[in-house]
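A.B. asks: First the structure, then my questions, so here it is.
Quick note: the coordinates plus some simple rules give every number you see, no bench work behind them. These figures come from a predicted structure and were not determined experimentally. Using ideal geometry, Cβ is built from the backbone for each residue, glycine included, and neighbour counts are taken over all protein chains shown.
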Amino acid sequence: MNDSYQDLARFLKALSDPKRLAIVDMLSCGERCACDLLDYFSVTQPTLSHDMKVLIQAGIVNDRREGKNIYYSLNEARLTK
């Protein structure tokens with residue numbers, strides 16, 4: 001199967017979850033700390049980590065570490081293809 005189809009399937013699967021779609025919507029307003037996302041969604045840290053891992057692997061979200069905090073932002077290059 002063509003790699004582009006696999007990439008597109010991963011992208012669509014990541015967005016098929018309502019919570020992950022809401023995370024993308026929140027990040028469309030700018031970078032957010034993981035602590036902000038945890039507070040907003042009232043989920044556990046492992047649950048948020050899993051959702052963010054899926055979004056990162058799909059190329060939708062970028063992450064950066066600053067001290068003990070992790071900040072997430074949309075991968076604008078991937079979303080404007």
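A.B. asks: Asn75 is checked against (1) within 29 Å of Asp3 (Cα to Cα); (2) in contact (Cβ under 8 Å) with a residue 24 or more places away in the chain; (3) surrounded by 15 or more Cβ atoms within 10 Å (Cβ to Cβ) and fails just one. What number does that condition carry?
C.D. replies: The failed condition is (2).
A.B. asks: Moving on. Cβ-Cβ under 6 Å, sequence separation 6+ or interchain: first residue in the range 1-17 and closer than 17 Å to Leu55 by Cβ, partner among the β-branched types (Val, Ile, Thr). Which pairs?
C.D. replies: Hits for this filter: Ala14/Val54; Ala14/Ile60.
A.B. asks: Starting from residues that are small (Gly, Ala, Ser) and under 18 Å from Asn62 (Cα atoms), keep the ones in the range 3-51 and report whichever is surrounded by the fewest Cβ atoms within 10 Å (Cβ to Cβ).
C.D. replies: First, the residues of the range 3-51 that are small (Gly, Ala, Ser): 4, 9, 14, 16, 22, 28, 30, 34, 42, 49.
In the following step, the residues that additionally are under 18 Å from Asn62 (Cα atoms) were identified as 14, 22, 28, 30, 34, 49.
Numbers: Ala14: 22, Ala22: 14, Ser28: 10, Gly30: 8, Ala34: 18, Ser49: 14.
Once the filter is applied, the top-ranked residue is Gly30.
A.B. asks: Please tell me if Gly67 is within 21 Å of Tyr5 (Cα to Cα) and of a type outside the set (D, E, K, R).
C.D. replies: On the way: within 21 Å of Tyr5 (Cα to Cα): no; of a type outside the set (D, E, K, R): yes.
So Gly67 fails the test.
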